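Right, one structure below, let's go through it.
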Amino acid sequence: MYVTVEDFIVEWNKEAALTQRVLDGLTDEALGQQVYSEGRTLGRIAWHLVANIPEYLTEFGVPTAGVRDPDEVPSAREIADTFRTVAAEAAESLGKHWTDDSPKQTQQAFGRTETNAMILMGLIKHIVHHRGQATVLMRQAGLPIPAVYGPSKEGWAQFGRTPPL
Ligand code: NI
């Protein structure tokens with residue numbers, strides 16, 4: 001749990017580095033990959049997780065510049081580059097607008113009263129959720145997957161090991 005703003009920023013930056021590694025692995029050819037024919041594409045999911053960050057933070061009182069066009073999926077390069085900018089701005093804006101009292105203050109969110117700490121944790125969970133979806137689609141598209149919370153298949157291979165079942 002986050003007690004101070006700094007706690008959150010440390011966690012945010014750690015997760016952002018993992019997300020960046022995944023997004024840096026995207027290619028334009030892979031962005032059309034879908035789970036099923038009516039499903040969202042990899043590009044749509046990746047862009048959604050990026051574009052949502054400034055919307056979410058601004059909604060909950062941490063003003064953050066939005067992305068160029070949340071509805072139009074850009075190139076793989078632009079998705080990754082925009083995430084880099086948005087993630088850095090998010091940390092900066094939190095540092096500027098929040099005090100150490102902010103995480104325990106409450107506000108209305110999703111039809112209930114939540115602490116700012118819970119609200120921020122919700123944003124990280126949202127990113128992690130879609131990042132997980134993205135890695136599956138990247139695998140289906142034949143892309144290598146970077147290590148996230150542990151080695152990917154490629155990571156195990158570098159150690160000369162097969163992944164545990
Ligand atoms: Ni979502």
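For the structure I just gave you, tell me whether Gly142 is open to solvent by 60 Å² or more (accessible area, probe 1.4 Å), modelled with pLDDT of 95 or more and over 23 Å from Glu11 (Cα atoms). Give the derivation first.
Details: open to solvent by 60 Å² or more (accessible area, probe 1.4 Å): yes; modelled with pLDDT of 95 or more: yes; over 23 Å from Glu11 (Cα atoms): yes.
Criteria met by Gly142.
Go through the residues of the stretch 134-149 one by one and say whether even a single one is in contact with a Phe, Trp or Tyr (Cβ under 6 Å, 6 or more places away or on another chain) and either more than 16 Å from the ligand (Cβ to nearest atom) or not charged (D, E, K, R) (or both). Scanning the stretch 134-149 turns up no residue that is in contact with a Phe, Trp or Tyr (Cβ under 6 Å, 6 or more places away or on another chain) and either more than 16 Å from the ligand (Cβ to nearest atom) or not charged (D, E, K, R) (or both). Looking across the stretch 13-68 at every residue that is open to solvent by 60 Å² or more (accessible area, probe 1.4 Å) and touching a residue at least 40 places away in the same chain (Cβ under 8 Å), the one that is farthest from the ligand (Cβ to nearest atom) is identified as Glu29. Restricting attention to the stretch 105-133, the residues that are within 15 Å of the ligand (Cβ to nearest atom) and open to solvent by 50 Å² or more (accessible area, probe 1.4 Å) add up to 4. Selection of first residues in the stretch 120-136 that are of a type outside the set (A, V, I, L, M) and modelled with pLDDT of 95 or more and of second residues that are within 11 Å of the ligand (Cβ to nearest atom) and open to solvent by 40 Å² or more (accessible area, probe 1.4 Å), restricted to Cβ pairs under 7 Å at least 6 apart or on distinct chains, gives the following pairs, ordered by first then second residue: His130/His48.
The values are calculated or read from the model by the stated rules, or taken from the named source; none is laboratory data. Note that the structure is predicted; figures quoted are calculated from it, not measured. Here the Cβ is made from the backbone with ideal geometry for all residues, glycine too, and neighbour counts use every protein chain on show. Side chains included, ligands, DNA and RNA excluded: accessible areas come from the protein's heavy atoms. Shrake-Rupley method; radii C 1.70, N 1.55, O 1.52, S 1.80 Å.
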